[in-house]
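Enquirer: Right, I'll just put the structure down here and ask away after.
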Amino acid sequence: MEKPPAGKVLLDDNGSLQSHTIAGLSLPLPPKKLIGNMDREFIAERQKGLQNYLNVITTNHILSNCELVKKFLDPNNYSANYTEIALQQVSMFFRSEPKWEVVEPLKDIGWRIRKKYFLMKIKNQPKERLVLSWADLGPDKYLSDKDFQCLIKLLPSCLHPYIFRVTFATANESSALLIRMFNEKGTLKDLIYKAKPKDPFLKKYCNPKKIQGLELQQIKTYGRQILEVLKFLHDKGFPYGHLHASNVMLDGDTCRLLDLENSLLGLPSFYRSYFSQFRKINTLESVDVHCFGHLLYEMTYGRPPDSVPVDSFPPAPSMAVVAVLESTLSCEACKNGMPTVSRLLQMPLFSDVLLTTSEKPQFKIPTKLKEALRIAKECIEKRLIEEQKQIHQHRRLTRAQSHHGSEEERKKRKILARKKSKRSAVENSEEHSAKYSNSNNSAGSGASSPLTSPSSPTPPSTAGE
């Protein structure tokens, strides 16, 4: 069976390893009684074609996260109707907050199966448009319900020139609901792909008509702004881990980070299937830096990398861009570890960028909640390390099985088996000859008197001692 190309592993929507995806999907032949008179070779050929088709789909990062693909490959775990669940939760919210009104659902504008969006308005301000997002809990939710709800409700108080402001936020023991202003320009990814913000995620980004990166000055400015807000969050001890181009809102020439709630909800990162392969990327800070590498690549070339790590980079607008990409996406970087955000800010690509903003950052987190965040962050990192260990062990086993089952190894084993068989035959022949020779010698010396062994010396008496 052919294997999918290297570069990523497929995780389920909870960020857990799907065991069938590292070694490839197994598609067994149908039973003989179902085949009837059909040519088995024809069936096998069609099976191989379907296998290759599925391998292509599961190694496409956007397609592999699509709900239809997930339901086809794992129908038991993806049977729930999350749009219906989201509507129930939103309806309950409106009972206590009657000033809000749903304009329309924004169907499939995001990549997450368990996160839904609705276009909103305030009843007494009907022309103003907002976006409501609802998401349930993920596998990395380690905060207590009380701390979780307090931190979610704290998000509207976060003020930073490069964070997109939350208008309203609330949570219960199983989900969170946040409202932000609707931005007609959309995200950084919409700019790169020249997409309309309200269109479905697959339509916007899976098959772009034109692939073109941003101008060098845009890359420098946007990159510097994003690094500044990452440093701010790291200094605050606030875990992020969800950087990608769709989580960066564009407001004029300013980038503003979205979805700070994701880490509190415990949701898996967009790039988890990449960084979970590399055991040196084992902290949320290093995850943010690696994800920044993906984002920088997309800004530079207008598309994501074909695989990670990247062996060689295409021509870029500046060698300074390549230097940053090499420090975050190259084989050496993935093997040895990521630089810090502070180190990236000192690199030539960003060090000379002047940021003009008068807005002073504000985000006061009470000491008790800071400690809760620290413990939750450690738990998230511990689970990542365990998953990386499992993937590493699985890959070692897969490589060993692949090597053992290769044509070359089979030939070697056949040759060794033949040699062993010949050696055994020779040894058996020699043993038979030796037995025959011994029997002849015994027959020839039958009249002789038997050999006697010398008597052993008698030990001296110890009676007088």
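Enquirer: Report yes if some residue within the range 190-197 is free of Cβ contacts under 8 Å to residues at least 24 places away in the same chain, out of contact with any His (no Cβ under 7 Å at 6 or more places or on another chain) and under 17 Å from Tyr240 (Cα atoms); otherwise report no.
Expert: no
Enquirer: Could you please give the count of residues in the range 157-181 that are open to solvent by 30 Å² or more (accessible area, probe 1.4 Å) and over 21 Å from Gly252 (Cα atoms)? Before you say what the answer is, go through the steps one by one.
Expert: Step one: filter the range 157-181 for residues open to solvent by 30 Å² or more (accessible area, probe 1.4 Å), giving 157, 159, 165, 167-168, 170, 172-174, 181.
This time we only want the ones that are over 21 Å from Gly252 (Cα atoms), so: 157, 168, 170, 172-174.
Qualifying residue count for the region: 6.
Enquirer: Going by what's in this entry, would Glu184 be described as open to solvent by 30 Å² or more (accessible area, probe 1.4 Å), out of contact with any Lys or Arg (no Cβ under 7 Å at 6 or more places or on another chain) and closer than 22 Å to Gly293 by Cα?
Expert: Values: open to solvent by 30 Å² or more (accessible area, probe 1.4 Å): yes; out of contact with any Lys or Arg (no Cβ under 7 Å at 6 or more places or on another chain): yes; closer than 22 Å to Gly293 by Cα: no.
When the stated conditions are applied, Glu184 does not pass them.
Enquirer: Would you check which residues across the range 59-78 are of a type in the set (A, V, I, L, M, F, W, C), in a helix (DSSP H, G or I) and open to solvent by less than 60 Å² (accessible area, probe 1.4 Å) and list them?
Expert: Across the range 59-78, the qualifying residues are Ile62, Leu63, Val69, Leu73.
Enquirer: Across the range 148-175, what is the total count of residues that are touching a Lys or Arg at 6+ places or on another chain (Cβ under 8 Å) and more than 30 Å from Leu355 (Cα to Cα)?
Expert: 3
Enquirer: Quick check on Lys209: is it surrounded by 15 or more Cβ atoms within 10 Å (Cβ to Cβ) and either under 24 Å from Arg303 (Cα atoms) or touching a residue at least 24 places away in the same chain (Cβ under 8 Å) (or both)? Don't jump to the end; show me each part of the working.
Expert: Numbers: surrounded by 15 or more Cβ atoms within 10 Å (Cβ to Cβ): no; either under 24 Å from Arg303 (Cα atoms) or touching a residue at least 24 places away in the same chain (Cβ under 8 Å) (or both): yes.
The answer is no for Lys209.
Enquirer: To continue, here is another question. Out of all the residues in the range 324-350, which are out of contact with any helix residue (DSSP H, G or I) (no Cβ under 6 Å at 6 or more places or on another chain), open to solvent by 40 Å² or more (accessible area, probe 1.4 Å) and assigned to a helix (DSSP H, G or I)?
Expert: Listed by number, the residues that qualify are Glu326, Cys331, Glu332, Lys335, Asn336, Ser342, Arg343.
Enquirer: Then there is this: Could you tell me how many of the residues in the range 52-78 are over 15 Å from Trp111 (Cα atoms) and among the charged types (D, E, K, R)?
Expert: 1
Enquirer: Which of the residues belonging to the range 111-120 are under 23 Å from Cys206 (Cα atoms) and either charged (D, E, K, R) or in a strand (DSSP E or B) (or both)? Lay out the reasoning, then the answer.
Expert: To start, the set of residues in the range 111-120 that are under 23 Å from Cys206 (Cα atoms) comprises 111-118.
Residues satisfying the conditions are Arg112, Arg114, Lys115, Lys116, Tyr117, Phe118.
Enquirer: Right, here's the next one. For the range 341-363, how many residues meet the condition of being within 31 Å of the chain's Cα centre (by Cα) and within 20 Å of Ile163 (Cα to Cα)? Step through it out loud before you land on a result.
Expert: Start the filter on the range 341-363 by keeping residues that are within 31 Å of the chain's Cα centre (by Cα), which leaves 341-351, 363.
Then drop every residue that is not within 20 Å of Ile163 (Cα to Cα), which leaves 341-342, 344-345, 350, 363.
Final tally of qualifying residues: 6.
Listed here are the residues, each with its yes/no results for (1) surrounded by 12 or more Cβ atoms within 10 Å (Cβ to Cβ); (2) not in a loop (DSSP other than H, G, I, E, B).
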position	(1), (2)
Leu54	yes, yes
Ile57	yes, yes
Ala80	no, no
Ile85	yes, yes
Gln88	no, yes
Phe93	yes, yes
Pro98	no, no
Val102	yes, yes
Ile109	yes, no
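Enquirer: Restricting attention to the range 312-322, and to residues there that are within 21 Å of Lys220 (Cβ to Cβ) and out of contact with any Leu (no Cβ under 7 Å at 6 or more places or on another chain), which single residue is most open to solvent (accessible area, probe 1.4 Å)?
Expert: Met319
Enquirer: In the range 232-244, which residue that is surrounded by 21 or more Cβ atoms within 10 Å (Cβ to Cβ) and within 19 Å of Ile152 (Cβ to Cβ) is modelled with the lowest pLDDT?
Expert: Only one residue tops the list, namely Pro239.
Enquirer: Here's another thing I want to ask about it. Restricting attention to the range 55-111, which residues are of a type in the set (Asp, Glu) and more than 26 Å from the chain's Cα centre (by Cα)? Steps first, answer last, please.
Expert: Within the range 55-111, the first condition is being of a type in the set (Asp, Glu), and the residues that meet it are 67, 74, 84, 97, 101, 104, 108.
Of everything in the range 55-111, those that are of a type in the set (Asp, Glu) and more than 26 Å from the chain's Cα centre (by Cα) turn out to be Glu84, Glu97, Glu101, Glu104.
One line per residue, one yes/no per condition, for (1) in a helix (DSSP H, G or I); (2) under 30 Å from Gln218 (Cβ atoms); (3) of a type outside the set (S, T, N, Q); (4) open to solvent by 80 Å² or more (accessible area, probe 1.4 Å):
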residue: Leu354; (1), (2), (3), (4): no, yes, yes, yes
residue: Ser358; (1), (2), (3), (4): no, yes, no, yes
residue: Lys364; (1), (2), (3), (4): no, no, yes, yes
residue: Lys368; (1), (2), (3), (4): yes, no, yes, yes
residue: Ile380; (1), (2), (3), (4): yes, no, yes, no
residue: Gln388; (1), (2), (3), (4): yes, no, no, no
residue: His394; (1), (2), (3), (4): yes, no, yes, no
residue: Gln401; (1), (2), (3), (4): yes, no, no, yes
residue: Lys419; (1), (2), (3), (4): yes, no, yes, yes
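The values are calculated or read from the model by the stated rules, or taken from the named source; none is laboratory data. Keep in mind the model is a prediction, meaning the values are calculated, not measured. Here the Cβ is made from the backbone with ideal geometry for all residues, glycine too, and neighbour counts use every protein chain on show. Protein only, heavy atoms only, side chains kept; ligands, DNA and RNA dropped before computing areas. Shrake-Rupley method; radii C 1.70, N 1.55, O 1.52, S 1.80 Å.
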